[in-house]
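Worksheet for the structure shown next.
What follows draws every value from the coordinates through simple rules; no lab data is involved. None of these values were measured; they are calculated from a predicted model. Don't worry about glycine lacking a Cβ; one is built from the backbone with ideal geometry, like all the others, and counts go over all protein chains shown.
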Amino acid sequence: MDPKKELEELIETVIREGGSDLHISTGRYPAIRVSGALIFLVKRQIFTGADTLAILKEFLNDEKKLNRFLDEQEIDFSYDHKGETRLRGNAYFQKGFISISLRLIPKVKTLSELRLPQVLETFARKKQGFFLIVGPVGQGKSTTMAAMIDLINAERAERIITIEDPVEYLFEPKRSMVDQREVGIDTKDFNKALKSVFREDVNVIMVGEMRSPDTIATAVTAAETGHFVLSTLHTNNASQTIDRIIDAFPPAQQDQIRAQLAGSLLGIFSQRLVPRISGGLIPAYELLINNNAVSNLIRERRTHEIDVVIETGFEHGMIDLNRSLLELVRMGEITIENAYLTSLNPKALERLI
């Protein structure tokens, strides 16, 4: 097997089929994900351990990276396909054999092309504060964040630094200066890179993912000190996101982070990708806007009341996930069955219907 040729053909298959992911495992047929469904490519060969290792070497074309993978038994990486398509990947061991998962990174799209609400443009135009995009894995958080960064890039002369693991979307400089730093290559870790931005004359900071209390604390401080900070978390909704951030800290520090978050948070956007009736996926979403009422709930440890604030906060610009789903059903974009499957509160959705 020619590993480079095999890899290129597999990536071309994902692109041709409009897929989002590619999975390569020892002892299995390769598989791609299209519109949320996993499809096995049974006309291709089953990979041996040697085949999978040879393909992995195409990604980790550096002895140091390969040794790191063998030592740590998993690694994140990015890959450029013919200068036209980028992929982010993760290699790991399962049952002693190598497996590789790849996510196709499409070109940066606008918020309107992604069918996302126009209010996100308002947040992207903020000069200071903390904005979070949340949701489970594979729901388009990075894509939404990239669209917001590219809007800033197109409209304002700002200094933008992204901290990612790995770098996903590549931003062409427009009106802004964009520096993209990859953890493990350009910086040791998220927190070290974040602390450095205070000495780098930065206006906008994009943190690929907040993985530790130190990173969260530094990001919140950056938002308090005149920066616009954009980041993601793997949480289900706004109230859970706030609890997750606060619970990441020891009890003695939680009141401080509550106060900081109440003052610096702009909003939390939670999204899901739902199968469309016509094919493909379409986003459904929830938006929390941090106003005086929400700030008080955060300070007073009443985050469990935030869901009700969102449900009743339409006139303040907030968006409830169930109402977003219901609108998609009424527009003929998604089935009522998929709306119920996506909803975090199906009984409340049933009452709306």
Hand me the tally of lysine pairs in the stretch 119-352: alpha carbons under 23 angstrom apart, and the pair either on different chains or 8 or more positions apart. 7
In a Gaussian network model of the chain with springs linking alpha carbons closer than 10 Å, the residue among MET331, MET145, MET210 that fluctuates most is MET331
Counting only helical runs of four or more DSSP H residues, what would the 222 nm mean residue ellipticity of the chain come to if each run contributes -39,500 (n - 2.57) and the total is spread over all its residues? -11500 deg cm²/dmol
Any idea what the relative contact order of the stretch 3-105 is, in percent, if you count C-alpha pairs under 8 Å spaced at least 6 apart? 26 percent
Kindly count the pairs of lysines across the stretch 3-105 whose alpha carbons are less than 17 Å apart, treating pairs on different chains or eight or more residues apart as eligible. 7
Whole-Hz ³J(HN,Hα) from phi, Karplus 6.51 cos²θ - 1.76 cosθ + 1.60, for the stretch 316-330, glycine and proline x: 9, x, 7, 10, 8, 4, 4, 5, 5, 5, 4, 4, 5, 5, 5
Rounded to 5, percent antiparallel among DSSP beta bridges of the chain: 60 percent
Taking the Cα atoms only, what angle lies between the long axis of helix 49-59 and the longest principal axis of the chain, rounded to 10 degrees? 60 degrees
Angle, helix 63-72 long axis vs. longest principal axis of the chain, Cα atoms, 0 to 90°, nearest 10? 70 degrees
Taking 8 Å as the Cα distance limit and 6 or more residues as the minimum spacing, I'd like the relative contact order of the chain as a percentage. 13 percent
Footprinting exposure proxy for LYS64, LYS195 (fewest neighbouring C-beta atoms within 10 Å first): LYS64, LYS195
